[in-house]
Amino acid sequence: MSNASLEIFHRHPGNPIISAGDLPYPANTIFNAGAIQVEGDTVLLMRVEDRRGISHLTVARSCDGISNWQIDPQPTLKPSPDTHPEEIWGIEDPRITCLEDQKVWAVTYTAYSQAGPLVSLATTTDFRTFKRHGVVMPPEDKDAALFPVRFDGRWAMLHRPVSNMPSTGAHIWLSFSPDLKHWGDHQILIRARRGAWWDANKIGLSPPPLQTQEGWLLLYHGVKTTASGAIYRLGLALLDLDDPRQVLARSDEWIFSPREPYELFGDVDKVVFPCGWILDGDAIRLYYGAADSCLALATGRLSELLSWLKAHGTGD
């Protein structure tokens, strides 16, 4: 049996599905897109790096989520350093959560400030105009996403702060807020492992948490540093539905890894980095940045992911 046949996520044969050449304006690369289903259409909020090296966000829409992408003719959400100085070096890696009781989509994104990357929040009702809510986590912090529901009246957010002491590692944290602005009860949720593991020393959330009958399913990236550079791979974890502080399972093995040329070679080699996935029944579409250079698609089944995690996961 080949390694490919063991994979739970299957690459779309037409990958990459969107590259910089598909944009209606000049840019360096497209990658790391948030994803959401809106009235039957797939909406991607893509990170686009311009030819200066500064990133902004641009919307692409498709009826089938695979092809015939209608891309906004100009950047949809540009950095605004005059009003939000924390965005002086760009905005990156959006993750989208539908807050149904607020009747908005919340977008957590990385703002690149002079003090380092930090977590900012914006909301939208149409993915054409956005209301910025500013910084919610100071630097250095990134890889943030909200849960779509409240827990005991409070919102919850996963994120990845980094200490100025590298020996402490970079872990996934969980924080709570009564109002989406003031955050507290900060705690490490999932620790990066040590030594030779695929997710040693540095991990981070990939798409937002996915609600299932068995718990909140997380897809996270682990970064292993090797003699030839870093490798970004993906693994799974499961949190309790009622109390996301409880980790029910975490995969020992990675589930998806750079393999194809468009994932192995680019502005940053050997990277698969999803910021969005869409669940339709049992089917999952995973949108991921490949080698920080293009946008790719992989598909899977929720039931297979949960079964795989049961077979390959351990309590954390």
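The values are calculated or read from the model by the stated rules, or taken from the named source; none is laboratory data. Just so we're clear, the structure is a prediction, and the values are computed from it rather than from any experiment. Counting neighbours? That spans all protein chains shown, and the Cβs are built from the backbone with ideal geometry, glycine included.
Residues in segment 84-121 that are surrounded by fewer than 20 Cβ atoms within 10 Å (Cβ to Cβ), within 23 Å of Ser175 (Cα to Cα) and free of Cβ contacts under 8 Å to residues at least 60 places away in the same chain: Leu99, Glu100, Asp101, Gln102, Lys103, Val104, Ala115, Gly116. Restricting Ile91, Ile8, Ile66, Ile96 to residues that are at pLDDT below 95 and either part of a loop (DSSP other than H, G, I, E, B) or touching a strand residue (DSSP E or B) at 6+ places or on another chain (Cβ under 8 Å) (or both) narrows the list to Ile8.
Against the conditions (1) out of contact with any Phe, Trp or Tyr (no Cβ under 8 Å at 6 or more places or on another chain); (2) of a type outside the set (S, T, N, Q); (3) over 26 Å from Ser307 (Cβ atoms), Arg245 satisfies every one except (3). The number of residues in segment 51-71 that are free of Cβ contacts under 8 Å to residues at least 40 places away in the same chain and more than 25 Å from Leu205 (Cα to Cα) comes to 7.
Of the residues making up segment 230-272, those that are in a loop (DSSP other than H, G, I, E, B) and farther than 21 Å from Ser19 by Cβ are Asp240, Leu241, Asp242, Asp243, Pro244, Arg245, Gln246, Asp252, Glu253, Trp254, Ile255, Ser257. The combined condition, being farther than 26 Å from Thr123 by Cβ and modelled with pLDDT of 95 or more, is not fulfilled by Thr42. Restricting attention to segment 12-41, the residues being surrounded by 17 or more Cβ atoms within 10 Å (Cβ to Cβ), within 20 Å of Tyr109 (Cα to Cα) and out of contact with any helix residue (DSSP H, G or I) (no Cβ under 8 Å at 6 or more places or on another chain) number 6. The set of residues from segment 81-95 being closer than 18 Å to Gly289 by Cβ and charged (D, E, K, R) comprises Glu92, Asp93, Arg95. The selection criterion, being in contact (Cβ under 8 Å) with a residue 24 or more places away in the chain, acidic (Asp, Glu) and surrounded by 22 or more Cβ atoms within 10 Å (Cβ to Cβ), does not hold for Glu214.
Does Leu77 satisfy the condition of being in contact (Cβ under 8 Å) with a residue 60 or more places away in the chain and aliphatic (A, V, I, L, M)? Considered against the rule, which asks whether it is in contact (Cβ under 8 Å) with a residue 60 or more places away in the chain and aliphatic (A, V, I, L, M), Leu77 comes out as no.
Condition first: in a strand (DSSP E or B) and touching a Lys or Arg at 6+ places or on another chain (Cβ under 6 Å). Now tell me which residues in segment 273-282 satisfy that.
We begin by selecting, within segment 273-282, every residue in a strand (DSSP E or B); these are 273-280.
Those that are in a strand (DSSP E or B) and touching a Lys or Arg at 6+ places or on another chain (Cβ under 6 Å): Cys275, Ile278.
Selection of segment 54-72 for residues being in contact with a Gly (Cβ under 8 Å, 6 or more places away or on another chain) and either under 22 Å from Leu279 (Cβ atoms) or surrounded by fewer than 19 Cβ atoms within 10 Å (Cβ to Cβ) (or both) yields Cys63, Ile66, Ser67.
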